[in-house]
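Scroll down for the structure; my scribbles are underneath it.
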Amino acid sequence: MAQKPSIPKGTRDFSPNEMARRNYIFDTVKRVFQIYGFQQIETPAMENLSTLMGKYGEEGDKLLFKILNSGDYLSGVDSTELIQQNSQKLTTKISEKGLRYDLTVPFARYVVQYQNDLVFPFRRYQIQPVWRADRPQKGRYREFYQCDVDIIGSHSLLNEVELIQIVDQIYRNLGLRVILKMNNRKILAGIAETIGEADRIIDITVAIDKMDKIGIDKVNEELLLRGVSSEAILKLQPILNLSGDNIGKLSQIEQVIANSAIGMKGIDEMRTIFRYLASMNLESEIQLDLTLARGLNYYTGAIFEVKSKDVSIGSITGGGRYDDLTGIFGLPGVSGVGISFGADRIYDVMSQLDLFPKDTISAARVMFVNFGDKEEKYCLPILAALRREGISSEIYPDPDKMKKQMNYANRKGIKFVALAGESEIQEGMINLKNMESGEQQLLSAMDLVATLKG
RNA sequence: GUGGAUGUAGCUCAGUUGGUUAGAGCACUGGUUUGUGGUACCAGGGGUCGUGGGUUCAAGCCCCAUCUUCCACCCCA
């Protein structure tokens with residue numbers, strides 16, 4: 001046997017009924033984005049590496065797919081460099097393009113480039129694949145689709161609130177039960193400032209995360225082990241023990257970080273957001289979660305993450321406020337906030353919960369059986385008429401055995417089969433068979449249209 | 001990057017302590033049925049058992065290497 005063809009690790013083919021379901025997600029997301037007044041853009045699959053590098057932290061740089069320069073890509077490299085085998089150094093010489101890692105950074109680049117043409121605050125959405133050279137596993141792919149919405153050019157917290165409403169609306173439309181977790185980078189910075197150890201903030205969030213599992217004593221032990229001073233740990237106790245509703249939690253945090261200006265700003269931001277939300281009738285649970293840190297290092301204010309309540313697959317949506325992403329590209333002082341829906345994970349969750357509507361199939365509604373030349377001639381105008389009426393329809397192309405043709409329709413999930421042989425032609429009628437019930441009725445062309453439309 | 005599994009027909013998988021010509025279901029082709037699918041029955045095609053070495057009279061099965069895919073950690077959508 002010839003060697004089996006395959007596709008790269010972490011990538012997938014999408015067959016017709018997967019596409020129908022994926023489009024159901026994309027359509028739902030898109031519709032909500034549009035209702036909220038966002039406009040669509042697209043950017044190239046590849047960007048200059050200079051645009052991408054250094055925006056996603058150290059890890060991110062490693063996970064970038066790099067594209068080999070065209071032509072003789074070794075021409076600018078001398079042999080000593082080759083022998084040294086310093087891949088990092090070599091990379092910059094043989095590769096100047098990379099596949100996009102997310103949609104936010106290319107968007108920032110886009111905004112800077114078109115700053116004179118855009119109307120600010122600019123509301124855009126973007127639905128495109130991104131690539132990460134990650135190790136694939138459950139719910140993790142090397143090529144996956146993100147659906148981004150961002151508002152850039154406004155500091156208003158109303159934008160955060162709108163994004164939360166969008167999240168709520170989309171998951172309500174999809175029928176998914178989710179929990180939206182929120183945190184604020186400024187609060188994290190305030191905590192770090194308060195205990196005087198900015199670089200310990202990660203250890204602290206990890207510790208808070210373990211509270212449920214191992215209890216406060218063990219957490220304190222671990223903090224001490226990780227080098228946090230006992231004085232700082234003492235200060236942290238109210239934060240480790242956070243309880244109550246979001247507003248209550250904020251008050252408890254406030255007591256700890258009252259001396260940190262930036263921290264208090266974060267508290268203030270969150271209070272404002274929660275105040276807005278209180279008057280809105282949201283279905284999703286919103287939860288302040290201090291362990292939410294988000295690796296992307298460009299976030300500066302609120303950060304979001306959405307998880308499915310019923311399937312454990314990591315976050316299915318994430319985002320946050322970034323105050324100066326365009327600054328790196330030469331346009332300082334432009335603040336934005338955005339959020340990204342992971343279409344592929346949403347798909348996985350919905351599949352597992354069997355939440356797709358049953359009629360999300362792409363097959364034609366009706367198929368004409370092919371009995372031969374004469375019958376074909378009779379059917380073709382009727383077929384054309386159905387299509388003019390917007391009824392998706394097809395005719396089997398060969399006069400094969402009936403069994404084969406019926407089987408074809410059945411397997412494709414075509415709901416109706418139209419039969420017109422000698423006797424029907426004589427009467428000027430069509431026999432329409434419902435493939436689900438097996439019932440058959442003799443109809444005129446006009447009645448056929450009406451029946452299929454209904 | 002670290003750790004653990006996996007690989008047998010197009011797909012999902014069986015295959016006993018190593019023992020002749022390697023199996024099932026689904027799918028495919030043909031037939032029972034020349035105008036009726038999804039439910040029945042019969043027949044057929046399709047595999048150098050991931051690859052390369054080794055042990056053995058004998059390897060799908062044991063050993064080594066390598067590749068692939070999957071799962072967990074890290075990080076993320």
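At a glance:
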{"read-out": "Filter pass, A:K30 being in contact (Cβ under 8 Å) with a residue 40 or more places away in the chain and not in a helix (DSSP H, G or I)", "value": "no"}
{"read-out": "Any hit, the stretch A:217-227, residues being in contact (Cβ under 8 Å) with a residue 24 or more places away in the chain, of a type outside the set (G, A, S), open to solvent by less than 40 Å² (accessible area, probe 1.4 Å) and assigned to a helix (DSSP H, G or I)", "value": "no"}
{"read-out": "Residue under evaluation A:V119, criteria (1) β-branched (V, I, T); (2) farther than 20 Å from A:V306 by Cβ; (3) in contact (Cβ under 8 Å) with a residue 60 or more places away in the chain, criterion not met", "value": "(3)"}
{"read-out": "Residues within the stretch A:310-329 that are of a type outside the set (G, A, S) and either near RNA strand B (Cβ under 10 Å from one of its atoms) or in a loop (DSSP other than H, G, I, E, B) (or both), tallied", "value": "7"}
{"read-out": "Which numbered condition A:K235 misses (of (1) on the phi > 0 side of the Ramachandran plot; (2) part of a helix (DSSP H, G or I))", "value": "(1)"}
{"read-out": "Output for the stretch A:269-309, where each listed residue is over 16 Å from A:I187 (Cβ atoms), aromatic (F, W, Y) and within 11 Å of RNA strand B (Cβ to nearest atom)", "value": "A:Y298"}
{"read-out": "Among the candidates A:A133, A:A189, residue that is open to solvent by 10 Å² or more (accessible area, probe 1.4 Å), of a type in the set (A, V, I, L, M, F, W, C), assigned to a helix (DSSP H, G or I) and in contact (Cβ under 8 Å) with a residue 40 or more places away in the chain", "value": "A:A189"}
{"read-out": "Enumeration of residues in the stretch A:425-441 that are near RNA strand B (Cβ under 9 Å from one of its atoms) and over 13 Å from A:E375 (Cβ atoms)", "value": "A:K433, A:N434, A:M435, A:E436, A:S437, A:G438, A:E439, A:Q440"}
{"read-out": "Residues located in the stretch A:91-114, provided they are in a loop (DSSP other than H, G, I, E, B), at pLDDT below 95 and open to solvent by 10 Å² or more (accessible area, probe 1.4 Å)", "value": "A:Y101"}
{"read-out": "Residues of the stretch A:436-454 that turn out to be open to solvent by 70 Å² or more (accessible area, probe 1.4 Å), in a helix (DSSP H, G or I) and aliphatic (A, V, I, L, M), as a count", "value": "1"}
{"read-out": "When residues of the stretch A:251-268 are limited to those that are over 12 Å from A:K186 (Cβ atoms) and outside any helix (DSSP H, G or I), the one most open to solvent (accessible area, probe 1.4 Å)", "value": "A:N259"}
{"read-out": "Residue count for the stretch A:150-175, restricted to those that are under 27 Å from A:L353 (Cβ atoms), open to solvent by 10 Å² or more (accessible area, probe 1.4 Å) and aliphatic (A, V, I, L, M)", "value": "0"}
{"read-out": "Unique match (being open to solvent by less than 50 Å² (accessible area, probe 1.4 Å), of a type outside the set (D, E, K, R) and more than 15 Å from RNA strand B (Cβ to nearest atom)) among A:I25, A:I35, A:I83, A:I67", "value": "A:I67"}
{"read-out": "Unmet criterion (only one of (1) within 6 Å of RNA strand B (Cβ to nearest atom); (2) under 14 Å from A:G372 (Cα atoms); (3) open to solvent by 70 Å² or more (accessible area, probe 1.4 Å)) for A:K403", "value": "(2)"}
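Residues are listed down the side, and each one gets a yes or a no for (1) more than 14 Å from RNA strand B (Cβ to nearest atom); (2) of a type outside the set (V, I, T); (3) surrounded by fewer than 20 Cβ atoms within 10 Å (Cβ to Cβ); (4) at pLDDT 95 or above:
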| site | (1), (2), (3), (4) |
| --- | --- |
| A:D359 | yes, yes, yes, no |
| A:P381 | yes, yes, yes, yes |
| A:R411 | no, yes, yes, no |
| A:K415 | no, yes, yes, no |
| A:S423 | no, yes, yes, no |
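The values are calculated or read from the model by the stated rules, or taken from the named source; none is laboratory data. These numbers were taken from a predicted model, which means no experiment stands behind them. FYI the Cβ positions are ideal-geometry reconstructions off the backbone, even for glycines, and counts take in every protein chain you see. Please note that ligands, DNA and RNA were not included when accessible areas were found on the heavy atoms of the full protein model with its side chains. Shrake-Rupley method; radii C 1.70, N 1.55, O 1.52, S 1.80 Å.
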